[in-house]
Structure formats: C-alpha cells, structure tokens
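J.: First, the structure itself, so that you have it in front of you.
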Amino acid sequence: MINNLFNPVTPLKFWCQKVLPLVYDDSLSYYEVLCKVSEKINELIENNENLPDYITEEIKQQLSDTNLEKIVGSYLTDFVLNVKFPPEGIPASIGDGVTNDHDSIQMCIDYANENGGKALYFPDGVYITSPLTLKNNVSIFGASINSSVIKLKANSTNSLFSGTSSNNTISRITIDGNIASQVNALTLISLNGSNISFDNLVLSNSNKAINIINTGNIVLMNSLRLNNCPYFIQLSGAGYAVCDNLCFNNTSVASSNSLINNSLPNSMFTNLYSILTINTAITNTGTNCYYSGIIKNAENIINDNTNNITYNFYGDKKITSNKSITEATTTKQIYVTNLNETIAKRNVNGDSSVEVLTGNKTQNSVINTENVTTKIINATNIEVNGRTSEEILTGNKTQNSVVNTENVTSKIINATDINLNTSNPLTYKTPGSLNKYFKYVPFKGQDGTDYSVLVSNEYDFSLKPRRKAIYIGDSYFNGVGATPTTDLVCYINKKCGIVQHWNYSHGATGFIRDTDSLKFYNQLVQASNDSRITDKTEVTDIIVAGGLNDTGASWTQTALYTECNNISTLAKTAFPNAKLWYIPFLWINIPYSYDYHRLYIAINKACLKSGDATLSGAPSWLYRMDSKYQNGDDIHPSAIGYELMSDYICNFLNGGYQGVNDLQLVTSTVGQVDYSICCEIVNSIIYLKGNFNVKATIPAITNMGNLPSRAIPQSLTVLPCIYYNTGSNTNSPLYIQANDSKITTINSLTAGTYHITTSYPLYPFIGV
C-alpha cells in the first residue's frame, strides 16, 4: 500500500516533573522528554520526505483508472459535454468511422441548448453522422484538426450543420462532406443567425463549404483550410464579417465560381491565399469592405461594382481590355502588386477622352534594316545609341539588333511589299478562344472593319466520330446476359461512333423505383458530379433506357412527368451540349399484360412531354423471337438479342427508322392460294398489305395460310379483304385465332384476286 511509505507517529503522552521524578507514576525527567521529542521530530521529517513520492503514486493510480475520463466528464457537464461520455440518458458517440453517431451528437446539442448553452467536445476519432441541426448557444470543438473529424453519412439529403442558430463557435476540428458518396449537392455549414465564429478548421469534400445568412452583428472566421469544394464561402444578410487566414486548396473548384461571395457591408477579409485556376476569385456586393492576400491563377481577382472598397493583393493577373472606371464622388482604392493592366479608354470624372501615353522611346541596336518606300516618323527626339538625332535615309535603311522594341500609339507602314523572313514563328497578340475548334487573332481592315483570323485550337479534325455519351438505365445497360464486349452499350458505341462513354446504370431501378437510391435521376446526378468527366461541354448524348422495373413501384402519371422533367432540366444544365434520348420500357418475352401496357403508355407520355427525343415501340422488338435471342430468363437478351436491339437504337440515335421492318411474307398452306402480302411491325401495330390469288373455290373455315410468328396477335382478329370482280368489289373477311398463326376463311372464297390493306395491334389493349 502507498500508505506504507509513511511511518506511524503516535502522540506524545508524557508529562514532565520539574524537580524530582515520582516513584509511582509515569513522569519523566527533562532529559527523557527531550529525547522522545527529538525522536518524534525525526519521524515527522522522514514522513515529509516521503510525501512527494506518495502524491506521485496516487496520481498515477488515478490516471490508470479507465473511469477517470468519465468521472472528469461528469464533473464538467455544467460547462463542456464530451460526446463519448455524455450525460445520463444520452447514448455515447463511438467515433470509429463506421457507426452513425447522429443520435448521440444531436441529443448532446439539444441537451446543451436546453441547459443554457454549452460546448460539445469531440475527442480523437472519426464521427459519422446524418445531417445535424445546430441550436442557439451551442459550440463545437475537437482535440485537433488532425485527430477529430465529423463526416457526413453517404447519401445524405441536407447540410452537415444547418438551422436557425446564433452564438455558435466551431473550432479545432475537421468537417468532411464525403462528397464522393453523395447524390445531392450539399453544404457543410448552412446557418441563419448572428454571432457565429469559425476558428482553426478544415472544411473538405462538399459542394459548398459555408453559407451564412447573418441576421445581425458579426461573423468571425480565422485560420480556415478549405479543400475540395466546388463552391466555398457565401455570406449574405445583415451585420458584418471579419475573416483572416483563409486558405483555398485543391483544383475541384468550379471555374465559374468565386472563392468568396460576400454581400455584407463593412467587412474585412485579410491574408487570403489561393492559387486555383478560376475565372473570378472574389465577388463583392457589400459596401465599405477591405480585401488583401495572395491570389494567383485567377482570370479576375475581384468582381466588384460597389463604392468605398479597398483591395490589396499580390497576384500574376494580366488584364487586357477596354475598361471604364468612373470615379466622381466615391473613393475606390486598389493596391495590387505585379498586376499588368492595359486600358484603352478611361473615364475619370466624366472625361471620356482617350488616354495618350507620353515618354521617351529608346532603341539600342547593332544593325536594324528596314527597306521601305516611305516611312514617316513624327517625334520630338529619337535616340539611337546615345545620339540625339537620326539621319532619315531616302533609300535603304539597315538596322541590326538583338531586340528592337517600339512603344508607340500608332505606326503606319506604307510599302509595296513586306517580307518577314524569320527563323522562329511570328509572335502575335494572344489568340482568343472562338470555340473548341478554333482560336482567333484579331485584325483590322483598312476601312476599320474588325476581322478574326482563325488559328488552330489543337483540335483533332479527322473524320472519325467525336460522340461522347452518358448511359442511364437498368440491367439492360448493365449487360445482364452478355459479356462486356457483346452487351448493348458496346454495340451502340461501335455502331454510333461513340468514342468515350460513362455508364451509371443500375439493375432493378427505374424512373420511380429507387433501388439503392439510384433511380434514373440520381444516376444523372452522379454523372453531373463525376470528376472523370473533365469537360462536360463535350458530352454529346445522354441515353436513358428502361422503365419496366417501375411495375414494382407506386407510380402515377404526375410522378413520371416530374421525374422526366427533372432529368431534362439537369441534363440541360450540367451538359449543355448534350442531346437527351429516351428509350422507354424495354421488354422481351414475358406475358405482356394490361398493367405492363398501361405503364409503358404512361412512361412514353412523360418522355414525350419533356420535349426530348423519345423512341416508341421498344416492347415489340424481340416479341416472339427465337430463343437464341434470349439468355433464358425471358427478360434479358442474349448477345445477338442485344445486337439486334442496338440496330433499332442506333437508327434512332442517327435520326433513322425505328420500327421493325424485317418480317417475312405470309406463307400459303393450300395449293390453291398464291400470296403476295408483306407484314411489318411499327410501335406494336401489325400492318398487312398486298394481294393473294385464289385458283379454285375454298370452303368456309379453311386454313389457307400462316402469318410470321412475330405477327401473331394475342386476341381473335378479323382481317377485312376485298374481292376484285368485274364491275363490283365484295367484302370477304378472314380471321386469325388468338395466339395462332393460321389465316382462316369465314365464308367460302371463289376463284379470283383478293386485296388486303389492314392493321391490328399485337395486344388487345393497345390504345387503351
């Protein structure tokens, strides 16, 4: 025991006789008492020397107790809540990177709010959570940005932190939006409130990092590292912001977006750092603001049309444009290091005159040769190698120089011929981008007309196709029943000249049925967020095929309209140059019921209403085809089945005929009949057209011919036919039994020629 480090000290129980010791009591002499006191003092000294060791051992023992953190946490709950050791009744957070800690964290937030406001402490760990609602007077802090991480659960539908909340601080922690596992564009922190502070944070992997609607007072940000966010910081509302040490990392930022989009007045943003390649670094609409820092690789450092704004940046931006800056009663200060700006015209206090540069012109050359008929130089002074005058030659002039620079407002050269014999390519003004095929160099004609001289844009002008496609669908586009080299997508790519594709299809999904949260719209969301598609303007085709799986979902016509409209809207926004193609309800050989047909008609209507290209008639493509066209489940095609379907799809994608037109002719079963009748399926409708010749009378109820198997109807069908006779035509109908190929007479047919022009549906409910 630790107490063994101390010697027991008993109290002094002696009394002293001042004169002589008594014979019959315990009195001691002076000397005896002094000895015993000395002994006790020495014992106390020894105990005192052992006291530091005792304290050390006691502390070690307490620290080794696994319950110490919980004990300490229970004493600190009046001030700080440890999410791993919360108050009684609240489940503990795990922080193992796997368990969803949402309930624990949200209950801690609620507890802190209900008890007057507290801070939530996140020890080392990765805390997976569904979206959280932040509340008033609740703060969040971790052990460090490197060890404490709050990560948004996959397939979430809202911001990690959101709510109407004030008096909040978030610090010393990493907040991860898990963007690769999300199907929706989400924000890490989206708050509506005031007195909000962020300090020493890493904000990563989300569509937007911070969106604050300030209801008054201040927003504070200090030492933020923002990674892998297409959109970073947006501030709006009332009040003001003070932000310092903001570092923007990675290259996933949307080129058209700003790092900071601020509309709060009287705000200050200092020590900003970014080397991202973007169009505009900062968009400011708030008055009386200040910005400073290092901004490189931005096409425009700041977009600002407000008054009384001060900027102080270092960057390598070059601006070449006609820029009009009007400065009357307002004050705008711009301090920029290493910013080259060429301005053709400047308006200052209403004066729109062209600014004329003045200064000296210096040419240092060994030999400079110019052979011209006439050269006019109007100058006050020309200095050549130190001389203050220059001899004007009437003949040839030779100038040899290493570098010859002339800075003039205007130079006119009138010559019969100009010969530019250079070893290296001529240098022109930096070409502008016309389109993906060409750049251009601006020129001007003698009459002042502007011309664009085309130059190469490093584009491959070969005649090979350039289509790039996105596939959205179900198991048909997954290639169930075939191999990767013999599936439907492979055949379409080969026949339509698609040189690159991205396939997001997922089995058992549809327009409505949302298996694994990957219905058709969510697949397109995946495509819009896919970093592998580096240039979304190059996508030429988006092909959406399927719908059969929606028989297992609760669908309505309105819901189908909504899904198709959402797909169409997102396709036009995310892939502006792509054409959207719908191929509804692929089907092979399962019994085609009324419910199936009703769903097919509803999907077809929804696709057509979207205004995008829609292929009709897919359910009849492989109807009653030989078993070799199937893989054995009566649902999915075989390799040759996929190849046949690809023919119809590619005709559709190339603007050609989409129906089935390869059916055989009607065949005769009796010697007295010769047929010349063709059959064709178009959008599940059979068309019969042609003549047949009867050589001798055929009795009623006689099988006189067979249809191709593809043209066999599912219900009893009457075929009107006309008997051609001299002076009159007679109606002589025939009939086909349900699910039977036999063409049977109703009445007897006399010898002669008969004509058939008719159509009938494959299924009795077509048109219902």
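J.: Residue by residue through the range 534-549, note down the ones that are among the hydroxyl-bearing types (Ser, Thr, Tyr) and part of a helix (DSSP H, G or I).
T.: Taking the range 534-549 first, the residues among the hydroxyl-bearing types (Ser, Thr, Tyr) are 534, 537, 540.
Listed by number, the list holds a single entry, 537.
J.: Could you grab me the full set of residues in the range 605-654 that are within 17 Å of residue 493 (Cβ to Cβ), modelled with pLDDT under 90 and hydroxyl-bearing (Ser, Thr, Tyr)?
T.: 648
J.: Scan the range 65-86 and give yes if some residue there is modelled with pLDDT of 60 or more and small (Gly, Ala, Ser), otherwise no.
T.: Checked the range 65-86: no residue is modelled with pLDDT of 60 or more and small (Gly, Ala, Ser).
J.: Any chance you could count how many residues in the range 758-768 are out of contact with any Cys (no Cβ under 9 Å at 6 or more places or on another chain) and either polar (S, T, N, Q) or modelled with pLDDT of 85 or more (or both)?
T.: 1
J.: Considering only residues that are small (Gly, Ala, Ser) and not in a strand (DSSP E or B), which ones fall in the range 663-720?
T.: Taking the range 663-720 first, the residues small (Gly, Ala, Ser) are 668, 671, 676, 684, 690, 696, 700, 705, 709, 711, 715.
Within the range 663-720, 671, 684, 696, 700, 709, 711, 715 qualify.
J.: Quick check on my filter: what residues within the range 170-186 are free of Cβ contacts under 8 Å to residues at least 40 places away in the same chain and among the polar types (S, T, N, Q)?
T.: Answer for the range 170-186, where residues must be free of Cβ contacts under 8 Å to residues at least 40 places away in the same chain and among the polar types (S, T, N, Q): 171, 174, 178, 181.
J.: Let me ask another. Hey, any hits in the range 561-569 for a residue that's small (Gly, Ala, Ser), outside any loop (DSSP other than H, G, I, E, B) and assigned by TED's automatic domain parsing to the domain that holds residue 642?
T.: Within the range 561-569, one or more residues are small (Gly, Ala, Ser), outside any loop (DSSP other than H, G, I, E, B) and assigned by TED's automatic domain parsing to the domain that holds residue 642.
J.: Those residues that are closer than 24 Å to residue 124 by Cα, surrounded by 21 or more Cβ atoms within 10 Å (Cβ to Cβ) and of a type in the set (D, E, K, R), I need them from the range 173-214; list them, please.
T.: 176
J.: Here are some residues: 49, 57. Which one is surrounded by 11 or more Cβ atoms within 10 Å (Cβ to Cβ), on the phi < 0 side of the Ramachandran plot and either in contact with a Lys or Arg (Cβ under 7 Å, 6 or more places away or on another chain) or at pLDDT below 80 (or both)?
T.: Result of the check over 49, 57: 57.
J.: Further, regarding this structure: Go through the residues of the range 693-707 one by one and say whether even a single one is outside the structural domain of residue 625 (by TED's automatic domain parsing), surrounded by fewer than 16 Cβ atoms within 10 Å (Cβ to Cβ) and within 30 Å of residue 598 (Cβ to Cβ).
T.: No: zero hits.
J.: Among the residues of the range 147-165, which ones are surrounded by fewer than 19 Cβ atoms within 10 Å (Cβ to Cβ), in contact (Cβ under 8 Å) with a residue 40 or more places away in the chain and out of contact with any helix residue (DSSP H, G or I) (no Cβ under 6 Å at 6 or more places or on another chain)?
T.: 153
J.: Right, next: Could you please let me know if residue 583 is assigned to a strand (DSSP E or B) and within 22 Å of residue 562 (Cα to Cα)?
T.: Yes, satisfied.
J.: If a residue must be in a strand (DSSP E or B) and in contact with a Phe, Trp or Tyr (Cβ under 8 Å, 6 or more places away or on another chain), how many such residues does the range 188-213 contain?
T.: 7
J.: Just name the residue that is surrounded by the fewest Cβ atoms within 10 Å (Cβ to Cβ) out of those in the range 126-146 that are more than 28 Å from the chain's Cα centre (by Cα) and of a type outside the set (A, V, I, L, M, F, W, C).
T.: The qualifying residue surrounded by the fewest Cβ atoms within 10 Å (Cβ to Cβ) is 144.
J.: Out of all the residues in the range 657-667, is one or more among the aromatic types (Phe, Trp, Tyr), in contact (Cβ under 8 Å) with a residue 12 or more places away in the chain and either surrounded by 14 or more Cβ atoms within 10 Å (Cβ to Cβ) or under 23 Å from residue 761 (Cβ atoms) (or both)?
T.: Kept after step one, since they are among the aromatic types (Phe, Trp, Tyr), are these residues of the range 657-667: 657.
From what is left, the residues that are in contact (Cβ under 8 Å) with a residue 12 or more places away in the chain are none.
No, the conditions are met nowhere in the range 657-667.
Here's the yes/no breakdown for (1) free of Cβ contacts under 8 Å to residues at least 40 places away in the same chain; (2) over 28 Å from the mean Cα position of the chain (by Cα):
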{"site": "206", "(1), (2)": "no, no"}
{"site": "212", "(1), (2)": "yes, no"}
{"site": "216", "(1), (2)": "yes, yes"}
{"site": "283", "(1), (2)": "yes, no"}
{"site": "291", "(1), (2)": "yes, yes"}
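J.: Next question, about the same structure. Mind listing whichever residues of the range 496-533 are among the aromatic types (Phe, Trp, Tyr) and assigned to a loop (DSSP other than H, G, I, E, B)?
T.: 504, 511 - these are the residues of the range 496-533 that are among the aromatic types (Phe, Trp, Tyr) and assigned to a loop (DSSP other than H, G, I, E, B).
J.: Here is a further query. Please enumerate the residues belonging to the range 594-620 that are part of a loop (DSSP other than H, G, I, E, B) and in contact with a Leu (Cβ under 7 Å, 6 or more places away or on another chain).
T.: Matches in the range 594-620: 612 only.
J.: So which of 601, 588, 543 ends up being modelled with pLDDT of 95 or more and in the same structural domain as residue 472 (by TED's automatic domain parsing)?
T.: Values: 601 fails: modelled with pLDDT of 95 or more; 588 fails: modelled with pLDDT of 95 or more.
Going through 601, 588, 543 in turn, just one is modelled with pLDDT of 95 or more and in the same structural domain as residue 472 (by TED's automatic domain parsing): 543.
The values are calculated or read from the model by the stated rules, or taken from the named source; none is laboratory data. Model, not experiment: these values are computed from the prediction. When we count neighbours, we look across all protein chains shown, and the Cβ atoms used for this are built from the backbone with ideal geometry, even at glycine.
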